[in-house]
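What follows draws every value from the coordinates through simple rules; no lab data is involved. This one's a predicted model, so the numbers in the text were calculated from it and none came from an experiment. Glycine also receives a Cβ, built like all others from the backbone with ideal geometry; neighbour counts cover every protein chain displayed.
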Amino acid sequence: MNAVGRTLHGILGVWHGLAAIQNVFEILAARDVAPGLRPLASKNLELVGKVLEPLHPDEATIVMLLAGASAIEVTASVAYLRGLVAGECADAGFALSLLLFGAFFLIDDAFDDYDLGARHRAVCTLLAAAYAASRAA
């Protein structure tokens with residue numbers, strides 16, 4: 001894999017890792033385990049709660065959903081960084097990323113949050129383009 005492919009893998013690996021860390025900080029701050037992490041937290045618990053409000057989920061369910069998304073992001077991050085080091089395309093990382101952001105935009109649209117869905121569709125599209133670019137590299 002050339003420098004472009006390795007750069008894409010590195011960027012996506014760090015991005016997913018950062019997102020996962022910020023989500024963990026969000027959970028820890030919201031549960032008052034580490035309230036000092038609030039400035040570094042993702043603010044995604046509120047976002048998930050807002051989107052799923054018609055279902056009236058409890059806080060534990062929202063935390064579990066965010067923790068699950070974070071676990072997928074950590075796994076994708078590791079796959080990208082492994083691809084970077086090995087010089088191979090990180091198909092698993094791309095599959096997890098596309099699954100996650102595809103699910104996000106479908107959920108957003110299902111709950112009529114089209115603005116948020118548009119943002120998640122844009123990320124999904126960029127991931128698909130990055131996959132094509134990394135395969136070409």
Taking first residues from segment 38-54 that are in a helix (DSSP H, G or I) and second residues anywhere that are of a type in the set (S, T, N, Q), the pairs with Cβ under 6 Å that are 6 or more apart or on different chains are 44/23
Filtering segment 69-98 for residues that are part of a helix (DSSP H, G or I), exposed (fewer than 15 other Cβ atoms within 10 Å of the Cβ), more than 10 Å from the chain's Cα centre (by Cα) and not acidic (Asp, Glu) leaves a count of 3
Subset of segment 6-34, residues surrounded by 18 or more Cβ atoms within 10 Å (Cβ to Cβ), in contact with an Asp or Glu (Cβ under 9 Å, 6 or more places away or on another chain) and either small (Gly, Ala, Ser) or part of a loop (DSSP other than H, G, I, E, B) (or both), comes to 19, 20, 30
